[in-house]
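Bear in mind that the values in this text are calculations on the coordinates, not laboratory data. Fair warning: this is a prediction, and the values are worked out from it, not measured in the lab. FYI the Cβ positions are ideal-geometry reconstructions off the backbone, even for glycines, and counts take in every protein chain you see.
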């Protein structure tokens, strides 16, 4: 028993195509849904070659797909992006070869296409949110980890290392407690913008949670790494103020060099320890400077004395 179906009753795009020879395909017809997707009247399609009724790029793309279907004599499932009337659309298409019972040759192809543009947009949005920190717009920990993996894999060929830095905002808890989380969030965003402006091509700065940032630096020598860290410190010491306020932003930073064969986690741990050591020094300097402001006659608490004390602590 043969089943006859009115294709116009089907809500997805469908077409029937005659195979005249490899590379030459003529529409028998398309249903209403297909005509609406393509943006062309059904009567203008029936009986015409692809290149006679479709944009040249789209026609060439379709010919390649149909050639593969006819040549392999197998059903082809395709996901592709097509630009129609200036608008990119994603389709999931199934091409089914139809064999002539008498000759055994493929004489027709049934095409069924579903517009999946909405699903693709959602997929792209989900992927974006999976790799981007929503507060700062910077890469998140997952994206940073992938960047580090890529850098370690490239080192197999380049035999070059890189550096990992850990950056932490100072006194964010105090800001949150004193002025609220909205101001604290603004501080995190602005700090991210400052760090992002300091990195170079092929480097990554990511917010990995709370007030902490990780940076992948394309530096493999200690002298150069210290110079890069000093650039960050200098920018901080010049005074980064949250726009619209007189609230200063200060950061502590530590970094370590990764060399081929090393454990990335151990390198990050070393950078983290260096960052906390610097944070302790900054805290000590602040305490001494606060004491000096309270009692300027206390020469042991001058800013220069604070720096010397910090230097002794570091050693």
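Quick notes on this one:
- Residue 56/residue 115 FRET efficiency (R0 25 Å; Cβ-Cβ; nearest 0.05): 0.70
- Nearest 10 degrees, 0 to 90: helix 141-158 Cα axis against the chain principal axis: 90
- Where [x] 26.0; [y] 16.6; [z] 19.3 are the candidate values, the label of the one calculated here for mean projected area of the Cα convex hull in nm² is [x].
- Principal-axis tilt of helix 117-131 within the chain, Cα atoms, nearest 10 degrees: 20
- C-alpha long axis of helix 181-198 to longest principal axis of the chain, angle in °: 80
- Two-site FRET efficiency, residue 266 against residue 235, from Cβ-Cβ distance with R₀ of 35 Å, rounded to 0.05: 0.75
- Most mobile listed residue (189, 227, 71) in the chain, GNM with C-alpha springs under 10 Å: 71
- Per-residue extension of 0.36 nm, minus the Cα-Cα distance of residue 200 and residue 177, leaves a gain of 4.8 nm for this segment.
- Structure-based [θ]222 nm, the chain - -39500 (n - 2.57) summed over DSSP H runs of at least 4, per residue, nearest 500: -15500 deg cm²/dmol
- A Gaussian network model of the chain, with springs between Cα atoms under 10 Å, assigns the largest mean-square fluctuation among 205, 167, 264 to 264.
- Tensor-based shape of region 7-122 (alpha-carbon gyration tensor, a/c under 1.5 rounded, otherwise prolate or oblate): prolate
- On the beta carbon distance between residue 75 and residue 185, with R0 = 51 Å, the FRET formula returns roughly 0.45.
- For the chain, built as a Gaussian network whose Cα springs stay under 10 Å, the top-fluctuating residue of 136, 94, 250: 94
- Relative contact order (percent, whole number), region 7-122, Cα cutoff 8 Å, 6+ residue spacing: 25
- The stretch between residue 96 and residue 221 holds 39.1 nm of extra length on full extension. This uses 0.36 nm per residue minus the Cα-Cα distance.
- Simple spin-label estimate for residue 67 and residue 49 gives 1.4 nm between the two label positions (7 Å along the Cα-to-Cβ direction from each Cα).
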